[in-house]
1. From the list B:L131, B:L125, B:L51, which residue is facing chain D (nearest Cβ under 8 Å), under 26 Å from the mean Cα position of the chain (by Cα) and under 26 Å from B:W18 (Cβ atoms)?
2. In a helix (DSSP H, G or I), at pLDDT 70 or above and aliphatic (A, V, I, L, M): is that true of B:A275 in this structure?
3. Inside the range C:55-73, can you point out the residues that are surrounded by fewer than 17 Cβ atoms within 10 Å (Cβ to Cβ) and either hydroxyl-bearing (S, T, Y) or in contact with a Lys or Arg (Cβ under 9 Å, 6 or more places away or on another chain) (or both)?
4. Restricting attention to the range A:503-517, and to residues there that are under 24 Å from the mean Cα position of the chain (by Cα) and within 11 Å of chain C (Cβ to nearest Cβ), which single residue is nearest to A:A414 (Cα to Cα)?
5. Those residues that are facing another protein chain (nearest Cβ under 8 Å), of a type outside the set (G, A, S) and not in a helix (DSSP H, G or I), I need them from the range A:409-427; list them, please.
6. Within 21 Å of A:G489 (Cβ to Cβ), buried (at least 24 other Cβ atoms within 10 Å of the Cβ) and at the interface with chain A (Cβ under 9 Å from one of its Cβ atoms): which single residue out of C:A169, C:A135, C:A128, C:A151 fits that description?
7. Looking at this structure, is A:V44 over 25 Å from A:R75 (Cβ atoms), assigned to a helix (DSSP H, G or I) and within 23 Å of the chain's Cα centre (by Cα)?
8. Of the residues that sit in the range B:175-202 and are surrounded by 10 or more Cβ atoms within 10 Å (Cβ to Cβ) and within 28 Å of D:S81 (Cα to Cα), which one is farthest from the other protein chains (Cβ to nearest Cβ)?
Amino acid sequence: MSFPLLTATAAVPAIGAIVTAAVPAARRTAAKWLALFFSLATLVLAIVIGVRFAPGGERYQLTESHAWIADFGVRYELGVDGIGVALIGLTALLIPFVILAGWHDADPEETGSKRWRPTQGFFALILMVEAMVILSFEATDVFLFYILFEAMLIPMYFLIGGFGDRAHAGSDEKAATQRSYAAVKFLLYNLAGGLIMLAAVIGLYVVAGNFSLQEIAAARASGELEMATNTERLLFLGFFFAFAVKAPLWPLHTWLPNAMGEATAPVAVLITAVVDKVGTFAMLRFCLQLFPEASKWATPVILVLALISIVYGALLAVGQRDIKRLVAYASISHFGFIIMGIFAMTSQGQSGATLYMINHGISTAALMLVAGFLISRRGSRLIADYGGVQKVAPVLAGTFLVGSLATLSLPGLAPFVSEFLVLVGTFTRYPVVGIIATFGIVLAALYTLVLYQRTMTGPVKVEVARMPDLRVRELVVVAPLIALLIFLGVYPKPVTELVNPAVGHTLSDVQKKDPKPEVEAAK
Amino acid sequence: MSTLAAYATSSGEALQFWVLGTVAVIGALATVFMKKAVHSALCLAGTMIILAVFYLANGAYFLGIVQVVVYTGAIMMLFLFVVMLVGVTAADSLKETIKGQRWLAALCGLGFAVLLVGGIGNASLKEFNGLAQANSAGNTEGLAALIFTKYVFAFEITGALLITAAVGAMVLTHRERTERAKTQRELAEERVREGKHLPPLPAPGVYARHNAVDIAGLLPDGTPSELTVNKTLRDRGQIRDVSSEALNDLKALEQRSDERLGRSGDAASSTDDAASGDKKEAAK
Amino acid sequence: MENLIALLVAAPLLGAAVLLCGGRRLDRSGHWIGTLLAVASFAVGVLLFADMLGKDAEHRALHQSLFSWIPVEGFQADVAFQLDQLSMTFVLLITGVGSLIHVYSIGYMEHDERRRRFFGYLNLFLAAMLLLVIADNYLLLYVGWEGVGLASYLLIGFWQHKPSAATAAKKAFLVNRVGDMGLSIAIMLMFTTFGTFAFGPVLESTGETSEGMLTAIGLLLLLAACGKSAQVPLQSWLGDAMEGPTPVSALIHAATMVTAGVYLITRSGAIFNAAPDAQLAVVIVGAVTLLFGAIVGCAKDDIKKALAGSTMSQIGYMILAAGLGPIGYAFAIMHLVTHGFFKAGLFLGAGSVMHGMNDEVDMRKYGGLRKYMPVTFVTFGLGYLAIIGFPGLSGFWSKDKIIEAAFAYDDGIRGWIFGGVALLGAGITAFYMTRVMIMTFFGEKRWQPDESGNEPHPHESPKSMTIPMIVLAFGSVFAGGLFSLNESFVKWLEPVTQFEHPHPVISVPAITASTVVVLLLGAALAYVMYGRKPVPVTAPRGSLLTRAARRDLLQDDLNHVVLVRGGEHLTRSLVYVDHTMVDGVVNGTAAGFGGLSGRMRKMQNGFARSYAVSMFGGTAILIAATLLMRAV
Amino acid sequence: MSPVNYLYLAALLFAIGSTGVLIRRNAIVVFMCIELMLNACNLALVTFSRMHGNLDGQIIAFFTMVVAAAEVVVGLAIIVSLFRSRHSASVDDASLMKL
């Protein structure tokens, strides 16, 4: 038997979490380095996966399969396609930056907070989330995926509720109250989604007789497994609801601004750049593959909801007064694009959506982490408390600007490629939807530039006059992300080549072909 | 008797059923609706005896006797004991305190009755084998044969249950003394130390018309003194207030003695009375 | 040779990367690096130009393919360049004027502590603009298109500590984004129609689709052009953009970036030729803008804003010409190039004046400056004569041709209308430029000490600033004549844009004569109004039109009321909706459950009898259900 | 007359007893009502025994009696100790099940 690479990639951060958690509190610096080490080891393994994966080969590669709960046909089945590889890469890539950015966030001495915060716990929880997210990208057993989908809520809950943002106008107690509100809201929303999904998972088992994605999909494709129209639709809705909560899609989005606002910036990145991607990934992998007919049936409604997300999220971002909440609403808008791309059911749309997941992860990480550095300097999340930062901290302002420009999808930076692909992919099939979604790019410019203008330009405010510029550690976090944004903006080919075959498979699952250009169609 | 247990009953049994059945239902209703627990207990005892008769009529001779001896004789008496212990005279108020409880209860009872009657009505109960064969060796012997063979384990376990229940009842009612009982001397000293009531408490029942312990002694102004009544009765609220009665009696006595002595009141009616009295006297 | 094309973009891009990432240690040498790389790019351009001249007209276009940019099933976007005559013209203009302005900025920005960054932005702009004009497909053009938008944003807001500059930068970017939206939808439409968006296949297969589709694409491209080229209705950002340093105004907002719209329309000529309705829209936009800009230019007292109005108006001419089809493309580009010379020269002159006047921009506080800064006066004056179309100078040759072509738009009423508008515009141009000239260089000196008591001491600018002005002045004088010699420019562009001789509704000499008459009239009127009597230092209230023109003909106010206010209300109410309704539904559900459990808790009154009732009731219901099931 | 009538009587008594349990507050009376319900069951069992012609029903009724006896002993003991501590035999006074 070959080396279980996929298991190892998930196991390394899991072991790392345990080891980190076991470090005594007095040696918390060691815990930080340990966590960083394990996250880097995971990154190495993820790169190995990327190298070993052959884009043109089998659909699922590096597969592993072991019996687990034999009575119910639950198996420990892993396998990755191009989309999975790309997202594992994203996760493994972002976590070291998250850890580095949160280096001092949970340190009682550094933060000056009197509340007891277990430093090692913070990093152990981050690694735990990483392990679960990676495994969920690998799982090809529906039940295994469901368990991971739910289980990752637990460490996230503690990360949001336990290590929230210190920057508040009010007292520590008030902050703690808001934090726990946000954490509970996050948990309840996602649990509600997960429970509905559980019902659908059980329903799927009743219909299909096992949990294996590949088997069910093959049976569906060959016509062996017939589903009644209504059954399929109900099951689809059960799955989709959970994913739409996690993604999040309007109107199930209200947990995100709270969670991202109250969490520390690295945790906010973890939420939006890593954990939420599981939702969109699962739509692509499970909804389309298991329920192709129902997916097509629901497409109009989902597209409308995605469209609302895009415009609504952008408009609300314009109206925010809190930097982190603004980024959260911007993310809602971007998730609208991703979902739109998935359900446009064209190669461009779905490749674009997958690319969008990666690019959004990187760009939001860049913007949010810089915003976090900014907030930790001034101790306030309110946009109105800033002004003229550009004058005192030009590097910080510059990186913030690049992050903002990536958020507004400036050509030359990675998000442009994906956003344009999504728009083109949608436009070829649904022109009106594509046109309305294009308004999103104007609004994106509005909210990012307003944010930049209010915080960075103008006369220097007294409170920010002595703000230090980015430190070396912070620069180490931001610079690679920016470099990556530029690289993927100019040369996205490595990722698209990874993703294209997988998207082709997905499209053949739903039996959709790209619309032909008018000129060719006329011939 | 065994012939009576055939599938159709004799008209004698029918008559017995209709008469006694009616009485049993009335007894049951009375059990529920009587204000005083004693009355409820007595009504229940009546119903149980009737049931004993029905057992006999159904060929369950042993049970019929047991019903009378054990149930009506022992258990119901136990009830009466407790009722006495708790207070025989205290009448319950039947006023409902929980909102909607009475209606819900009535609904439940009615619903049960309808359901059960409906269920029995629907069941196919046409076959009656009668107990002639089963009771051929005598009812008690038949039962004994079953109890000591087929149901021997259940029987033993019920025995254990009974013993446990007896022990449990003792444990529940037993009060553990945690300290030495005070001697009379100590009690006297304590009373002096507290300085509350040095002399013995006043005696109750100035008028020994009733079993006077529950009647408060009257103070010189005619009001009752609670001190004279046993503490238990006081706590239970079972003091019988006779002060007003006494005062009325006093008034009546005074009036009568006035009449006797020929003193006339200032009111016209009293003069009339006096006049009529005079006439009576004259007639004598 | 074609391998050199990438160098055009690479050189300034390298400069931008080095200067922006290089940090403080490049502060002292940064401007030289930037200028050197701009000049290098110009040199490459000249080399390629020389090579191109050596070939015959049909084989001049070069093509270079670098790598596949976005390879997705059914979707090919390549990083590939195409250098034909049209692109070449732009390359030379951009790198040439760009290099001059780099040189100028060395002196102009000498005292600015962030000069290195300024040059980095300038290089970034050059790279983006060059990418725009040498891209071989619309998507790559779009990259350059947004890239110049970014550079423009950075440069307008260069003095970020001024809130007005930051706001102006944001406004420019946003308005441009609206236009960009048009371009991106146009690209999508091309993709769905043709399956590609490379220039070659798209422009060759215009005959295979319907006119309606082409009209739609054309209108969307026009929207894009309106945004970038500050045409009505997206013109409002240009005036505010003057908050940026003057070299920026000269390079970006006069000579190059704002002409990108003209490039786009000319480049997409095949689409417009097949869609007359879209062409008409282009012509109308151009005509409206040329009057709009001219009127605004008449009323502004801020020298840069007056020039900005003029820019708008001149680009209106170009758009108008581009909308005329093959009879106009070449003249549009020709006017674009000559305009690039004289408008850059005028802006640099204005910058030179401001440089000597403590950054004062109000022309009412100038006056009689010709004595203090003679070089500036002469170069500015030549630019002035060129822009009003004084016979013999550059502007005359190009503008006159546009007016001719406008008269030739149609045999009927349209030719008269648009020709008339173009002619009228020439008159107004003469009026407002004469006004600028008189208020700045003639009359009495009107400057006063400012609040801190510093009286300006007007002086000539350093060599690094005057030399570019002189070079540009040469261009303003001779370029037009050179281009018109033997119709060389038209022939140069003909392989790309086609050319037809215009046939105006009235004879050509009559048009030329009337043009000259009109411009003399305009200049004379200005002289009467401003030259004969002293100019008041504070602006008179003015007529209704003047006041409206000072406020950009109320466009900003309209935008403010409709978009800004409306948008604010919309976002605010949406925030409220999100909080109370969307979130409210969720929280309401939670509260509902809370309330329900409160009610349920009251049922738990602790009385055993209550519980007994529920037990009995439950049992009864269960029995009933069982019986019912039996019965059924 | 059919012996089924005994069953109807038993049902009626049972319903009456249950109503009593729900209505009365005096714990002793509640207990009596429970006894009434038990007796109703016994009557039914005895009747069943007669119907089926075997003695098992009677045996069950017998056991019921024994259990009822045990229950009464314990129940009354509880009532007595309750009365001792609370001076009341009302079931409503013992509403400790509420927080």
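1. Working: B:L131 fails: under 26 Å from the mean Cα position of the chain (by Cα); B:L125 fails: under 26 Å from the mean Cα position of the chain (by Cα).
Being facing chain D (nearest Cβ under 8 Å), under 26 Å from the mean Cα position of the chain (by Cα) and under 26 Å from B:W18 (Cβ atoms) holds for just one of B:L131, B:L125, B:L51, which is B:L51.
2. Details: in a helix (DSSP H, G or I): yes; at pLDDT 70 or above: no; aliphatic (A, V, I, L, M): yes.
No.
3. C:A57, C:S65, C:F67, C:S68, C:P71
4. Among residues in the range A:503-517 that are under 24 Å from the mean Cα position of the chain (by Cα) and within 11 Å of chain C (Cβ to nearest Cβ), the one nearest to A:A414 (Cα to Cα) is A:V503.
5. Listed by number, the residues that qualify are A:L410, A:P411.
6. Working: C:A169 fails: within 21 Å of A:G489 (Cβ to Cβ); C:A135 fails: at the interface with chain A (Cβ under 9 Å from one of its Cβ atoms); C:A151 fails: at the interface with chain A (Cβ under 9 Å from one of its Cβ atoms).
Result of the check over C:A169, C:A135, C:A128, C:A151: C:A128.
7. So A:V44 fits the description; yes.
8. Only one residue tops the list, namely B:L187.
The values are calculated or read from the model by the stated rules, or taken from the named source; none is laboratory data. This one's a predicted model, so the numbers in the text were calculated from it and none came from an experiment. Cβ coordinates were reconstructed from backbone atoms using ideal geometry, including for glycine residues, and neighbour counts include every protein chain displayed.
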